[in-house]
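Working notes, beginning with the structure itself.
The values are calculated or read from the model by the stated rules, or taken from the named source; none is laboratory data. This one's a predicted model, so the numbers in the text were calculated from it and none came from an experiment. Ideal geometry is used to build each Cβ from the backbone, glycine not excepted, and the neighbour counts take in all protein chains shown.
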Amino acid sequence: MTTTRLTPAAAALLTLPPFLWAANAVVGRLAVPLISPITLNFFRWVLALGILLPLGAWVLRPQSGLWAHWRRFALLGLLGVGAYNALQYLALQTSSPLNVTLVASSMPLWMLSIGRLFFHAPVQRQQVLGALLSIAGVVLVLARGDWGQLARLRLVPGDLYMLAATVCWAWYSWLLSRPNEPGAIRADWAAFLLAQITFGLMWSGAMTAAEWSVGAGHVQWGWALAAILAFVAVGPAVIAYRCWGLGVQRAGPAAAGFFSNLTPVFAAVMSTLVLGEAPAWYHGVAFALIVAGIVVSSRR
């Protein structure tokens, strides 16, 4: 079994994806009037597929070993390519980028829970305390600073979509840390991601067809949409997934989960600069709780 530990290199790898995912949330919000969320996710991964084909097309050959492990890649594609991003873009229809990324900060709790229940991973006391502090920040955002709202269970639909997306991503990250595919595929990052996208597009294509069949699909073509698609395909998709996969392998999914809490910090700055959505007082308190969770969980 490979030893995992948080090194400066692993920390750098795990810091870039939250920055790109925060930008993805802001750009996804800008895309709301231009394209429907499931269709946006589908086009994003079609472009990513085109980027990766020249680099890892060999993985699609019959003898590559991919098809012998198609169930694993179908699940990775569903969780990481199909469900997670589609749910996030759905969340941005009714929630702000800041709220969406703060809800996603419940990641450490789901990482620890899924790891313990399904992967028999040990849970340390400081990890639980750190996760609870992070969750307290998330609950504060869900309550919009009014604890009475929790009793009335009045949640924005986007918050619930993002909770579901976060669970999908936690499961995906644990699967990444437990490889059973051929070593040649794992060693070639482009082939490994291409294999996931190949199956993920099948899921995403089916979801897009369902979106259009119920009359919810729309596309307003133009340079603005082209720029959005180019960014979400290159940055939050190809680059962020590459860095996250390497970071999870080096530091482990439990440690990586806490780095996802950097996303709302980046999102707050970007939302203020790009969208003019200034944080409320409870966002600041939530940030403090999330940072405290990172500090506590990282203590030996």
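A few remarks follow.
- Selected residue (criterion: modelled with the highest pLDDT) from residues of region 147-161 that are assigned to a helix (DSSP H, G or I) and touching a Ser or Thr at 6+ places or on another chain (Cβ under 7 Å): GLY158
- First in region 268-280 and within 21 Å of ILE228 (Cβ to Cβ) and of a type in the set (Ser, Thr, Tyr), second anywhere and at pLDDT below 75 and surrounded by 13 or more Cβ atoms within 10 Å (Cβ to Cβ), Cβ under 7 Å, 6 or more apart: SER271/LEU98; SER271/GLU277
- Taking residues in region 171-191 that are touching a residue at least 40 places away in the same chain (Cβ under 8 Å) and under 18 Å from MET111 (Cβ atoms), and partners anywhere that are part of a loop (DSSP other than H, G, I, E, B) and not polar (S, T, N, Q), the pairs with Cβ atoms closer than 7 Å and at least 6 places apart or on different chains are TRP174/PHE119; SER177/GLY252; ARG178/PHE119.
- Helices (runs of 4 or more DSSP H) contained entirely in region 73-140, each with at least 1 residues that are under 15 Å from LEU175 (Cα atoms), over 16 Å from the mean Cα position of the chain (by Cα) and among the basic types (Lys, Arg): 107-118
- Residue in region 219-240 that is surrounded by the fewest Cβ atoms within 10 Å (Cβ to Cβ), counting only those that are free of Cβ contacts under 8 Å to residues at least 40 places away in the same chain and farther than 16 Å from VAL274 by Cβ: TRP223
- When residues of region 173-210 are limited to those that are among the hydroxyl-bearing types (Ser, Thr, Tyr) and modelled with pLDDT under 90, the one surrounded by the most Cβ atoms within 10 Å (Cβ to Cβ): SER173
- Where ARG116 falls short, out of the listed (1) without any contact (Cβ under 8 Å) to a residue 12 or more places away in the chain; (2) crowded, with 16+ Cβ neighbours inside 10 Å; (3) among the basic types (Lys, Arg): (2)
- Residue within region 133-144 that is closer than 30 Å to ALA224 by Cβ, in contact with a Phe, Trp or Tyr (Cβ under 8 Å, 6 or more places away or on another chain) and modelled with pLDDT of 90 or more present: no
- Residues of region 1-60 that are closer than 23 Å to THR94 by Cβ, among the β-branched types (Val, Ile, Thr) and either free of Cβ contacts under 8 Å to residues at least 60 places away in the same chain or touching an Asp or Glu at 6+ places or on another chain (Cβ under 8 Å) (or both): ILE38, THR39.
- In summary, helices (runs of 4 or more DSSP H) completely within region 228-282 and bearing 1 or more residues that are modelled with pLDDT of 85 or more and either under 16 Å from the mean Cα position of the chain (by Cα) or not hydrophobic (A, V, I, L, M, F, W, C) (or both) occur at 240-251.
- Qualifying residue in region 74-89 (condition: of a type outside the set (Gly, Ala, Ser), over 26 Å from VAL291 (Cα atoms) and at pLDDT below 90): no
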